[in-house]
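Here the structure comes first, spelled out in structure tokens, and everything after it is commentary.
Derivation of every value follows stated rules applied to the coordinates shown; laboratory data play no part. This one's a predicted model, so the numbers in the text were calculated from it and none came from an experiment. Cβ: placed from backbone, ideal geometry, glycine included. Neighbour counts: every protein chain shown.
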Amino acid sequence: MFEFVYELFDLKMLLVTAFLGAIYVYSTWTHSHWSKLGISSPSAPVPLFGHAMPSMLGQMHFMDVLHNLYKELGDQRFGGIYTMRTPQLLVKDPELIGHILIKDFNNFTDRGLYAGTHTNPLNNNIFFTRGERWKTMRQKLSPTFTANKLKYMNEQVKECSDGLLSTIGKNLDDDAGRIEIREMMAKYSTDVIGSCAFGLKLDAINDPDSEFRKHGKTVFQPSLRSKIRVAVIFMQPSLLSIFRVHHYSHRTIRFFHDAFQQTIEYREKHNEDRKDFVQHLMKAREDLVLNPNLKPEEKFTEMDIVANAYILFIAGFETVSTSMSFCMYELALRKDVQDKVRKEILEVKSKYNGQMNSECLNELHYMGMVIKETLRKYPPLVTLNRVVTKPYVIPGTQIKLKIGTKIVVPVHAIHYDPKYYSDPEAFEPDRFSDENIHNIQPNTYMPFGDGPRFCIGKRFAEFEMKMALSEVLTNYEVMACDKTQIPIKYVIGSFVNIPESVWLKFRKVNT
């Protein structure tokens, strides 16, 4: 009897040992990838988690994880890291970054980010799409934000800025002038992108139940579901396809599809032609969806068009609103800089009879420096991602990267490297003055990316920020208060730089 029990116990132990051994082999199977290529890693990867364990467990923002890895690599031009089981080449050297993003772009045409468009159709946009389909859509949409097109958006942005001022004024007597500005700026940006890009008057800044704001907000708020999804992407992305995991709810997909379709139908019915993003998408739809002469592989779908409307809306409100919040936060802490910006605004306004348009905004040189420094300290994306699309030999080495190799450019870490920016924690707009800007090394300032995949909305983002800041700073002084987080704390789990909150105090300027 006892012999049978011992044998059964031994069998169970054997099975458990085999099971644990299989898990260990699976979780470390890819962790020798870089050593086989002769590329060193900053530290030994943790089984299953790789180098991303603090981020995946919610202990640290991924931005800080990359900072630590960046420092551990010392003077090395690049190093091999692992996000869960996924090997990624972390590139530090500005010259090599220039090759990847610009000079040798044909070897790195895609971002290499998991899109899962079969279950997440809204991801079929110019941020995620690859190869010729990305190139085709990019060519259709790039003309949207030329300097000439921005002139037609003056009145729309000005109207939204007036709404922003009105909201600040209404809240001035509440809580002793203290306002949480991140949510307020997000609503303002939602109104701007709704008006300028889609021709919709949303009034999100006064509507707490705005559907556009609700659906947009959920994209950037980390949840247990989104954290598990990210972990699976870097561990075994095929599981997402097998179990058809959705990034967006069916309600969100249907909302944006219906909103865009209704806009198109209204314009076609009323023969309305506006020089905005929707008009370019309508032309793209005509050329790429409705054109009967296209080959099947060249055709796009109606949902592809909606997906590109969606990405502009999402990128347009979140990144711009967060950047404006960071900018006002820094100005609240640097009264000398704020006063200098306000003085410049008033001088330019006096030249144009108190009006603000795209021509006036172009003369706000110091404000431009302030915005650039804001984007250095707080780039919207922590990293730039690329994937090898053609075999590539790293210049100056014999190392050959295979197709499918993931590349990570740690933008935030580079922006804080004292080798490129003295006292990087300090907010110093003069880094970008005419006298000093030549000191900035190429490929060390990349808030909008670089190369052919450079952000098409850069001009529009700067235009929107300048307009809002001009109106706010003309009328109000912004100051830190007892609710202001110093230093800023970030939302852990988000793939963009989102502060937990930005509380500032507003006081009417005496003019």
Order the peptides 431-437, 377-383 from the highest to the lowest mean number of other Cβ atoms within 10 Å of their residues. 377-383, 431-437
For region 435-446, take each phi angle, set θ = phi - 60°, evaluate the Karplus expression 6.51 cos²θ - 1.76 cosθ + 1.60, and give the result in whole Hz per residue in order, putting x for glycine and proline. 6, 10, 4, 5, 7, 7, 5, x, 6, 10, 9, 9
Give me the percent of DSSP beta bridges within the chain that run antiparallel, rounded to the nearest 5. 90 percent
Evaluate the distance, in nm, between pseudo-label points positioned 7 Å from the Cα of K158 and of Q139 along their respective Cα→Cβ axes. 3.7 nm
Contact order normalised by length for region 1-119, with contacts defined as Cα pairs under 8 Å and 6 or more residues apart; what percent is it? 20 percent
Expressed in nanometres to one decimal, the distance between label points 7 Å along Cα→Cβ at K489 and T474 is 3.7 nm
Subtract the Cα-Cα distance of Q59 and Q398 from 0.36 nm times their separation in residues, and report this length gain in nm to one decimal. 118.2 nm
Of I492, N362, I345, which is farthest on the positive side of the dipole of the chain, counting Cα position, with +1 on Lys and Arg Cβ, -1 on Asp and Glu Cβ, and the Cα centre as origin? I492
Please state the shape class of region 162-223: rounded when a/c is under 1.5, otherwise prolate if a/b exceeds b/c and oblate if not, all from the C-alpha gyration tensor. oblate
Give me the extension gain from T30 to K508: residue separation times 0.36 nm, minus the current Cα-Cα distance, reported in nm with one decimal. 166.2 nm
Which value in nm describes the separation of the simple spin-label points at N291 and N436, placed 7 Å from the Cα toward the beta carbon? 4.8 nm
May I ask for the distance between the Cα centers of region 305-331 and region 413-489, given as a whole number of Å? 15 Å
Round to the nearest 0.05 the FRET efficiency obtained for L20 and A44 when R0 = 22 Å and r is the Cβ-Cβ distance. 0.65
Go through region 28-112 and name the chymotrypsin sites (Phe, Trp or Tyr not before Pro) that are in a DSSP coil and have 16 or fewer other Cβ atoms within 10 Å of their Cβ. W29
Tell me which residues come under 5 Å, amide H to amide H, from Y490 once H is placed; ignore anything under 5 positions away on its chain. E500
Which of (i) 23.6; (ii) 21.6; (iii) 30.5 gives mean projected area of the Cα convex hull in nm² as computed here? It is (iii)
Give, in nm to one decimal, the length gained when the segment between A147 and E183 is fully stretched (0.36 nm per residue of separation minus the Cα-Cα distance). 10.1 nm
Which shape class, rounded, prolate or oblate, goes with region 305-360 when its Cα gyration tensor gives a ≥ b ≥ c as root eigenvalues, a/c under 1.5 marks rounded, and past that a/b bigger than b/c marks prolate? oblate
Considering the zone a paramagnetic label at N106 would reach in this model (a point 7 Å from Cα along the Cα-to-Cβ line), which residues of region 385-406 have amide N under 20 Å from it? 386-396, 400-405
